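S.K.: Pasting in a structure now, in structure tokens, and then I'll have a few things to ask.
The values are calculated or read from the model by the stated rules, or taken from the named source; none is laboratory data. Everything numeric here is computed off the predicted structure, so don't read it as measured data. Note: ideal-geometry Cβ built from the backbone for every residue, glycine included; neighbour counts use all protein chains shown.
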Amino acid sequence: MNIVGKIAIILLLSLNFSIPAFAQIKIGGAFQTDNRVRLQQDYRFTWNENRLTLKGETNLSQKAHFFTKLWIRNFGFPTAQSPKQLGYRDRREVEPWSWELREGYLDLYGFLTQNLDVRIGKQRIAWGTADKINPTDNLNPKDLEDPLDFGKKLPTNALKLSYYLGDYTLTGVFIPVFIPAVLPPPDWSFSSGETPPLPPGTTVKKITNLVKLPDRKLKTTSSAGFRLSGNLFNYDVSVSYVSNRWDMPLCNAVSIKTDGQTSVDVSNQLIFPRQQIVGADLAGQLLGVGIWGEAAAFLPEKVITTLIQPQGQISHQVSIDHKAYVKYVLGGDYTFKNGIYINGQLIHGFYGEEGKDNLNDYATLAVEKKFLNDDLKLRIATAVEVHDWNNLRENYATVLFPEISYYPTDAVELLLGTYSIEGKKNTVFGNFRNNDEFYVKAKVSF
């Protein structure tokens, strides 16, 4: 471990020496290990992770609170290509490791006025009531490093103001710097745009993707959001507005060059268009069944893609029109008297799907049952995707997630699971039908 990582750990573990004597520091966290094997492709290992999560928090006074979360990860596979790399002291080529400040923020209660709370720093701002797929949750960028860990987001530096109006809360958020999404591995890649049409007999020799981030100016890089939440007729409800950028890139310029033969080089420029989002959600109970609903209307800026052909011809086409489209989730859950728990959702619009004509429909269902005095849990989840209802046979995909969790003692979980994907190529999940995996995980919390 290098000196930076050591300093970070020392600061976290010795935080109680740098705070006022009357404040108490709470330190906790978790350690987890995660290994996955591809069930096709000769049982290739695809995931090798050991992660230590350290959390520290303290009440500095009755009006101030501090929280931080740090990840220390041994993640990946050996990449050494020479004996010299095998001998490096930090051993990154043998055992890749990193550390990451996931969160770190200061809470100020009753700031300037009794009804105002302020949170400053790197934070996760979670909006929405649905289970993991949240159309209104758009302030933090997506973290798609593990694409099947639905709902995972990347905490970002932000200023959050919460003003209490009786039974309602008005929240304002300002994010000064644009942070793009963490994209998935290549074999889990979501499309960022279609390949332009090429002349018959032409093959692509090389594709270069260049990302153009927004300028680091207040007007171009910042984003903001507002949310009014409260309880109405025994339902938790909220309405929200966000002005920000797409966190996943979109192609807005394509240049095609030829070597004079039948092969061409394609260069794509990727940008992050601005958008406005109006959302609403609710959650509560109806006849003993937990229910929720969430919807968001997206209004993107118009994006025109420029195509430059080898002979110099220039053409333009609209990639994203300035037309609103809606994503939504409807769901519910229930626990039967025999202990069986079910959770189901209907979803319109998924990650990477933008534009009214590009939204697919999904249905998810999860069933859980505990045994052996709750020491053993069996969970079976499934998802169905429909790309075109008029031709269902050629436009569907299914995913099956069976899992077994065992809790041998308090704060320890052992987990075995797998997922199986079937479907057609023109569906989101159908593109990954060769990615079936088996995984083994262990986690201890402290």
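S.K.: Does segment 121-137 contain at least one residue that is in a loop (DSSP other than H, G, I, E, B), acidic (Asp, Glu) and free of Cβ contacts under 8 Å to residues at least 60 places away in the same chain? Quick ask: steps written out before the conclusion?
M.R.: Filtering segment 121-137 down to residues in a loop (DSSP other than H, G, I, E, B) leaves 124-137.
From what's left, acidic (Asp, Glu): 131, 137.
Keeping just the survivors that are free of Cβ contacts under 8 Å to residues at least 60 places away in the same chain gives 137.
Looking for residues that are in a loop (DSSP other than H, G, I, E, B), acidic (Asp, Glu) and free of Cβ contacts under 8 Å to residues at least 60 places away in the same chain, one finds at least one in segment 121-137, hence yes.
S.K.: Which condition from (1) within 30 Å of Met248 (Cα to Cα); (2) touching a residue at least 24 places away in the same chain (Cβ under 8 Å) is the one that His348 breaks?
M.R.: If we test His348 against (1) within 30 Å of Met248 (Cα to Cα); (2) touching a residue at least 24 places away in the same chain (Cβ under 8 Å), just (2) comes out false.
S.K.: Could you run through segment 220-250 and say how many residues are within 25 Å of the chain's Cα centre (by Cα) and outside any strand (DSSP E or B)? Explain how you work it out, then say what you get.
M.R.: Start the filter on segment 220-250 by keeping residues that are within 25 Å of the chain's Cα centre (by Cα), which leaves 220-229, 236-250.
Now drop any that are not outside any strand (DSSP E or B), which leaves 220-222, 246-249.
Final tally of qualifying residues: 7.
S.K.: Could you give every pair whose Cβ atoms fall below 7 Å, whose first residue belongs to segment 104-115 and is modelled with pLDDT under 95, and whose second residue is surrounded by fewer than 16 Cβ atoms within 10 Å (Cβ to Cβ), counting only separations of at least 6 or pairs across chains?
M.R.: Once the first residue is modelled with pLDDT under 95 and sits in segment 104-115, no partner that is surrounded by fewer than 16 Cβ atoms within 10 Å (Cβ to Cβ) comes close enough.
S.K.: So Glu100 ticks every box in (1) touching a residue at least 60 places away in the same chain (Cβ under 8 Å); (2) farther than 28 Å from Thr418 by Cβ but one. Which box is left unticked?
M.R.: Glu100 satisfies every listed condition except (1).
S.K.: Would you point out which residue out of Ala283, Ala296, Ala253 is within 27 Å of the chain's Cα centre (by Cα), assigned to a strand (DSSP E or B), buried (at least 19 other Cβ atoms within 10 Å of the Cβ) and not hydroxyl-bearing (Ser, Thr, Tyr)?
M.R.: Testing whether each residue is within 27 Å of the chain's Cα centre (by Cα), assigned to a strand (DSSP E or B), buried (at least 19 other Cβ atoms within 10 Å of the Cβ) and not hydroxyl-bearing (Ser, Thr, Tyr) leaves just Ala296.
S.K.: Follow-up question, since we're still on this one. Being in contact with a strand residue (DSSP E or B) (Cβ under 7 Å, 6 or more places away or on another chain), surrounded by fewer than 16 Cβ atoms within 10 Å (Cβ to Cβ) and not in a loop (DSSP other than H, G, I, E, B) is the filter here, so list the residues in segment 82-101 that pass it.
M.R.: Ser98, Glu100, Leu101
S.K.: Could you tell me whether any residue of segment 378-401 is under 22 Å from Glu49 (Cα atoms) and not hydroxyl-bearing (Ser, Thr, Tyr)? Let's see the steps before the verdict.
M.R.: Residues of segment 378-401 under 22 Å from Glu49 (Cα atoms): 401.
Imposing the further condition that a residue be not hydroxyl-bearing (Ser, Thr, Tyr) reduces the set to 401.
So far as segment 378-401 goes, yes, one or more of its residues are under 22 Å from Glu49 (Cα atoms) and not hydroxyl-bearing (Ser, Thr, Tyr).
S.K.: Examine segment 25-46 for a residue that is of a type in the set (S, T, N, Q), loosely packed, with under 15 Cβ neighbours inside 10 Å and at pLDDT 95 or above, and state whether such a residue exists.
M.R.: Yes, that holds for at least one residue.
S.K.: Continuing with the same structure: Can you pull out the residues in segment 265-301 that are in contact (Cβ under 8 Å) with a residue 60 or more places away in the chain and closer than 24 Å to Leu170 by Cβ?
M.R.: Ile277, Gly279, Ala280, Asp281, Leu282, Ala283, Trp292, Gly293, Glu294, Ala295, Ala296
S.K.: Looking only at residues in segment 432-446 that are of a type outside the set (Val, Ile, Thr) and over 16 Å from Thr46 (Cβ atoms), which one is surrounded by the most Cβ atoms within 10 Å (Cβ to Cβ)? Write out each step before concluding.
M.R.: Just the residues of segment 432-446 that are of a type outside the set (Val, Ile, Thr), to begin with: 432-439, 441-443, 445-446.
After this cut, where a residue has to be over 16 Å from Thr46 (Cβ atoms) as well, the list is 442-443, 445-446.
On the way: Ala442: 15, Lys443: 17, Ser445: 13, Phe446: 11.
Filtering first and then ranking leaves Lys443.
S.K.: Looking for whichever is surrounded by fewer than 14 Cβ atoms within 10 Å (Cβ to Cβ) and under 25 Å from the mean Cα position of the chain (by Cα) here; the options are Asp357, Asp333, Asp374. Which one fits?
M.R.: Asp357
S.K.: Taking the condition farther than 30 Å from Gly331 by Cβ, surrounded by fewer than 16 Cβ atoms within 10 Å (Cβ to Cβ), at pLDDT 95 or above and under 29 Å from the mean Cα position of the chain (by Cα), does Leu70 pass? Explain how you work it out, then say what you get.
M.R.: Values: farther than 30 Å from Gly331 by Cβ: yes; surrounded by fewer than 16 Cβ atoms within 10 Å (Cβ to Cβ): no; at pLDDT 95 or above: yes; under 29 Å from the mean Cα position of the chain (by Cα): yes.
No: the conditions fail for Leu70.
S.K.: Within segment 102-118, take every residue that is under 29 Å from the mean Cα position of the chain (by Cα) and under 10 Å from Ser162 (Cα atoms) and give me the one that is surrounded by the most Cβ atoms within 10 Å (Cβ to Cβ).
M.R.: Step one: filter segment 102-118 for residues under 29 Å from the mean Cα position of the chain (by Cα), giving 102-108, 117-118.
Restricting the remaining residues to those that are under 10 Å from Ser162 (Cα atoms) gives 117-118.
Details: Asp117: 19, Val118: 17.
Ranking the qualifying residues of segment 102-118, first place goes to Asp117.
S.K.: Go through segment 148-168 and give me each residue that's part of a loop (DSSP other than H, G, I, E, B) and surrounded by fewer than 20 Cβ atoms within 10 Å (Cβ to Cβ). Quick ask: steps written out before the conclusion?
M.R.: Initial filter on segment 148-168 (part of a loop (DSSP other than H, G, I, E, B)): 148-152, 154-155, 166-167.
Within segment 148-168, Leu148, Asp149, Phe150, Gly151, Lys152, Leu154, Gly166, Asp167 qualify.
S.K.: Of everything in segment 146-187, what is at pLDDT 95 or above, among the charged types (D, E, K, R) and more than 8 Å from the chain's Cα centre (by Cα)? Give them in sequence order.
M.R.: Result: Lys160, single match.
S.K.: Tell me the residue from Ser420, Ser405 that is touching a strand residue (DSSP E or B) at 6+ places or on another chain (Cβ under 6 Å), under 25 Å from Asp361 (Cβ atoms) and in a strand (DSSP E or B), please. Working first, answer last.
M.R.: Numbers: Ser405 fails: under 25 Å from Asp361 (Cβ atoms).
Only one candidate qualifies: Ser420.
S.K.: Also: Could you list, in sequence order, all residues of segment 172-188 that are β-branched (Val, Ile, Thr), surrounded by fewer than 17 Cβ atoms within 10 Å (Cβ to Cβ) and under 30 Å from Asn115 (Cα atoms)? Even if it seems obvious, please write down each step before you answer.
M.R.: Initial filter on segment 172-188 (β-branched (Val, Ile, Thr)): 173, 175, 177, 179, 182.
Pick out the ones that are also surrounded by fewer than 17 Cβ atoms within 10 Å (Cβ to Cβ) and you get 177, 182.
Val177, the sole residue that qualifies.
S.K.: Can I ask one more? Can you tell which of Leu415, Leu392, Leu378 is touching a strand residue (DSSP E or B) at 6+ places or on another chain (Cβ under 7 Å) and in a helix (DSSP H, G or I)?
M.R.: Details: Leu415 fails: in a helix (DSSP H, G or I); Leu378 fails: in a helix (DSSP H, G or I).
It is Leu392.
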